[in-house]
Amino acid sequence: MLKFKQIDLPIRPISKPRPRSFMGQKRPYNPPQYKSWLKEAKVHLKEQWKLEPLTKVHRLDMFFRGAEMGDLDNKSGSVMDAAKNILWTDDSVKVIPNLNLAFTKVKIKDSHIIIQITWEADDD
């Protein structure tokens, strides 16, 4: 049986940045703004998702509402990072083989992200 859940993130969509590193650094780092965004997104995700992370997602739809900046794949990358180990165990194609993205321009004050997840559930 297929199950469905919609999650609304009341935060502005942002693009996943390229990790930066400097000479002598062993690990690249992400900008503080991105780390802060991830932290806020995770709080909203945990409030709305009470199940264990999914090991297989049948279909994932993301609807981004915000300013016309950045690339859609990078916006989805930030959500994928935030939702890992909360909504799903991994963002690989083995776990999420069907991803659909859409964008609509809205005023910054009305920015948000809608995540729709469909998964196969045991019918106990």
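What follows draws every value from the coordinates through simple rules; no lab data is involved. The structure presented is a predicted model; accordingly, all values stated were derived computationally and were not measured. Cβ atoms come from the backbone with ideal geometry, glycine included; neighbour counts cover every protein chain shown.
Please give the peptides 92-103, 55-66 ranked by average Cβ packing (other Cβ atoms within 10 Å per residue), highest first, as a rough proxy for protection. Provide the component values of the computation, followed by the final result.
Numbers: 92-103: 13.1, 55-66: 18.0.
With the highest mean Cβ count within 10 Å placed first, the list reads 55-66, 92-103.
With percent of Cα pairs over 23 Å apart defined as stated, name the option among [x] 48; [y] 33; [z] 40 computed from the structure displayed.
[y]
How much FRET efficiency would the formula 1/(1 + (r/R0)^6) give for Lys56 and Gln116, where r is the Cβ-Cβ distance and R0 is 22 Å, rounded to 0.05? Walk me through the intermediate numbers first.
Working: r = 16 Å, r/R0 = 0.72.
The formula returns an efficiency of 0.85 here.
Can you tell me which lysines have their Cα less than 22 Å from the Cα of Lys94? Leave out same-chain residues fewer than eight positions away.
Qualifying lysines at Cα under 22 Å: Lys3, Lys5, Lys16, Lys56, Lys75, Lys84.
Scan around Phe103 for amide H atoms under 5 Å from its own, H built in the peptide plane at 1.01 Å from N, and keep only partners 5 or more places away or cross-chain.
Phe64
Among bridges DSSP assigns within the chain, what percent are antiparallel (round to 5)?
65 percent
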